[in-house]
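Throughout, read-outs are computed from the coordinates displayed, never taken from laboratory work. All values derive from a computational prediction rather than experimental measurement. Positions of Cβ are backbone-derived with ideal geometry, glycine not excepted, and every protein chain shown enters the neighbour counts.
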Amino acid sequence: MSLRVLVCVKRVPAPGAEIVLTDDRKRLDTEFLGFTTSPHEECAVEEAVRIKESSGGTVTVLTLGPEEAEEQLRYAVSVGADQAVLIVNQGDDLDPQATSSAVAAAIRSLEEAEGPFNLILFGNESADSGGYQVGVRVAFALGRPMVNGIKGIEVEQGSITARRATDAGFEVYRLPMPAVLGVKEGINLPRYPTLTGRLASKKVVIERRELTPERGGLELVELSRPVQQKVDTVMLGRGADAAPRVVDTLVELGVL
Amino acid sequence: MSVLVLVDHDRGTVTVETYEALNLARSVIAEGEPLEAALIGTGLRGLAADLGGRGVSKVHLVDDPILDDYGPEAWGEALAQLVVSSGPAVVIAPGTDRGNEVMAQMAARAELPLAVNVVAYDRAAGNLTRLRWGGSLLENAVLNSPLPFLTVAPHALDPVEPGSGESEAIEFSPLLDAGLARTKVVDRVTLSAGATLATAPVVVSGGRGVGGSEGFAVLEELASLLGGVVGCSRVVTNNGWRPHADQVGQTGTRVAPTLYMACGISGAIQHWVGCMAAKNIMAINIDPEAPMVSKADYAVIGDLHEVLPAVVAEIKRRQG
Ligand SMILES: Cc1cc2nc3c(=O)[nH]c(=O)nc-3n(C[C@H](O)[C@H](O)[C@H](O)COP(=O)(O)OP(=O)(O)OC[C@H]3O[C@@H](n4cnc5c(N)ncnc54)[C@H](O)[C@@H]3O)c2cc1C
Ligand SMILES: Nc1ncnc2c1ncn2[C@@H]1O[C@H](COP(=O)(O)O)[C@@H](O)[C@H]1O
């Protein structure tokens, strides 16, 4: 069994303790921020690479984003992806409908050229916009089965068994391939890049796709930070000497 | 016209988030406009009375043999057909795994936008506020759609309480291709439910400052003295010190205990959104400038490997 697996990833900023907005309040001020891949999608890449390692095949990563999103594609190659595709969007972020149709179009053209993907992985939700829908919309456009929120994948001949966590345990789904899944962080522990991986990521030729922008129906007006009430922190002391006051506090709070 | 709410349930057990979604629905309903509910599955007529008591005037019993258990595609297709036939003005679902997934399936079929994790909706203006970044940011957006689809952020609104109203239950039989069963739940595994992160009264949480998996022993000991559980930051799970099930935050679990003890955790926004619902937060950190310290109700400045053993010893001393 040799599988063609595609993973869709998104480049997002990695804010620290506070989120700082631009003056027009339409986006994060990223001047002092690094960027990363949404955590669920990092796990999706790792899962794809593990599937390749056990079943054979190839892993392709795809993103829609600015030129700089090359960084996230190359990172995916450094941890085991083989091929990388960038749909270039130098304009504003697209809404979920517009993102989905661009991603679906790119997948169709990749499949026409190189054959169908047996499995397409998404994140459960993107870290920044959290729309919970791009994967579902792409799967529907392609006519493929899709289940989101997946924390366990087993590939068999022609089908996939997937587990989704619930409050009580987990649910099991069995999908025919080609299939689409949305993955959650915790499904695996992503590896770090190896030296050979790093070399491969420098050499890989990133395939570019032009974007024909469409408009979706969800239009961002502005972002804001939720109001946080200010607290006056009660200082209980320094080091081990603080223990009696800590225990007094535990008693006061009724937890001891 | 009506406002239609999707009921999120697992084989007849309705989620509290459904009642929270009813709250948002009731706040946007026009004078005299009916509030309706979509109840997908078999043998669910008995739930209609409870929904009636919570202000629903009509319950659509959406039934078909393949709807006897959850499946995102069959549920999404069934809801899409109900919406075409009953013609609501707005469709609202709880922002749960299932609510978001079924609404996305329907929105894909209808080729219409969907706004998830909404906390406020101004129907006249078509304007809404929704959560981004796992709740650390709010987005004000315009939903340009002839038929608005929204899901409601969990626990942003109070649930509608049961009452004495009545509802009419009517059956709706969608035409479903048997192939849609391909994404149905085929099995379930129940895991023993001990004290869980989401429900424990105390969470003793460790971050990078713990230094390694062995370092968690003292957190375990304190947690058990307090009848609580251990949590952790993403740095900890990424290092393989603890399983992901212990992770608190945007991509982990959201907790709301009586006390959250953040030991050696800096307080990054993605961690904070997971613990900010705690009634009390105590930070233990060597750095008095750490964001977690300034956001916490109580703080100890110092090395957690000195502070925590002293706290454990003091508890044992007092307990004799
Ligand atoms: C999209 C996205 C999602 C994310 N989701 C999550 C999430 O769900 N959960 C999460 O936790 N993070 C999440 N993160 C990561 C987050 O941004 C931070 O990197 C992470 O929370 C930092 O973990 P930390 O506080 O343990 O480590 P650090 O930030 O390194 O902080 C360590 C702290 O320990 C203190 N310390 C060190 N030694 C000691 C000692 N001996 N005694 C006492 N204090 C000590 C230091 O002063 C410091 O304050 C996410 C990031 C992104 C981009
Ligand atoms: N710009 C993008 N490029 C590639 N994949 C994306 C993009 N946006 C979203 N996705 C994928 O779709 C998933 C769900 O996104 P969302 O609907 O925004 O929550 C993400 O976890 C990604 O896997």
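Descriptive notes on the structure:
- Under 21 Å from the Cα of A:LYS151 - lysines, other chains or at least 8 residues apart: A:LYS10, A:LYS52, A:LYS184, B:LYS184
- Descending Cα extents along the principal axes, chain A, whole Å: 68, 44, 40
- Within chain B: Cβ-based charge dipole about Cα centre, in debye rounded to nearest 20 (Lys, Arg +1; Asp, Glu -1): 700
- GNM top mover of B:THR199, B:THR129, B:THR190 - chain B, alpha-carbon springs below 10 Å: B:THR190
- Inter-label distance, nm, simple model (7 Å from Cα along the C-beta direction), A:GLU67/B:ARG123: 4.8
- Mean projected area in nm² (Cα convex hull; one quarter of hull surface) for the protein assembly as shown: 27.0
- Of the residues B:SER205, B:LEU51, A:VAL134, the one whose Cα sits farthest toward the positive end of the charge dipole of the protein assembly as shown, with +1 on the Cβ of Lys and Arg and -1 on the Cβ of Asp and Glu, is B:SER205.
- The trypsin sites (Lys or Arg not before Pro) found in segment B:146-210 include none that occupy coil by DSSP while having at most 10 further C-beta atoms within 10 Å.
- Working from Cα pairs under 8 Å separated by at least six residues, relative contact order for segment A:39-105 is 32 percent.
- Centroid-to-centroid separation of segment B:291-320 and segment B:1-39 [C-alpha atoms, Å]: 46
- The mean of 1/r over all distinct Cα pairs in segment B:180-320, once inverted, gives the Kirkwood hydrodynamic radius of 15.5 Å.
- Whether segment B:76-189 is rounded, prolate or oblate, judged on the alpha carbon gyration tensor where a/c under 1.5 counts as rounded: rounded
- Note on A:GLU154 and B:SER294: their simple-model spin labels are 5.1 nm apart, each label 7 Å out from Cα toward Cβ.
- Segment B:148-222 and segment A:186-256: distance between their alpha carbon centers, rounded to Å: 21
- By the helix-only formula, in which each DSSP H run with n ≥ 4 contributes -39500 (n - 2.57) and the sum is divided by residues, chain B has a 222 nm mean residue ellipticity of -8500 deg cm²/dmol.
- Taking all Cα pairs closer than 8 Å and separated by 6 or more residues, the relative contact order of chain A comes to 24 percent.
- Cα centroid separation - segment A:33-93 against segment B:262-279, whole Å: 29
- Relative contact order of segment B:150-306, pairs being alpha-carbon contacts under 8 Å that are 6 or more residues apart, as %: 18
- Between A:GLU53 and A:VAL172, residue separation times 0.36 nm minus the direct Cα-Cα distance comes to 40.5 nm.
- Segment A:225-243 residues near the modelled B:ARG318 label - backbone nitrogen below 11 Å, point 7 Å along Cα→Cβ: A:243
- In chain A, the calculated helix contribution to ellipticity at 222 nm averages -9000 deg cm²/dmol per residue, counting -39,500 (n - 2.57) for every DSSP H run with n ≥ 4.
- Less than 5 angstrom separates the built amide H of A:ALA179 from those of A:LEU119, A:ILE120, all sequence-distant by 5 or more or on a different chain.
- Choice from B:LEU61, B:LEU226, B:LEU150 with maximal GNM fluctuation in chain B (Cα, 10 Å cutoff): B:LEU226
- For chain B, the antiparallel share of DSSP beta bridges with both residues in that region comes to about 20%.
- The charge dipole of the protein assembly as shown, taken about the Cα centre with unit charges on the Cβ atoms of Lys, Arg (+1) and Asp, Glu (-1), comes to about 940 debye, rounded to the nearest 20.
- Cα shape, segment A:90-208, gyration tensor, a/c 1.5 rule: rounded
- Principal-axis tilt of helix A:96-114 within chain A, Cα atoms, nearest 10 degrees: 40
- Test item: Cα-centred dipole of segment A:1-132, Lys/Arg +1 and Asp/Glu -1 on Cβ, debye: 420
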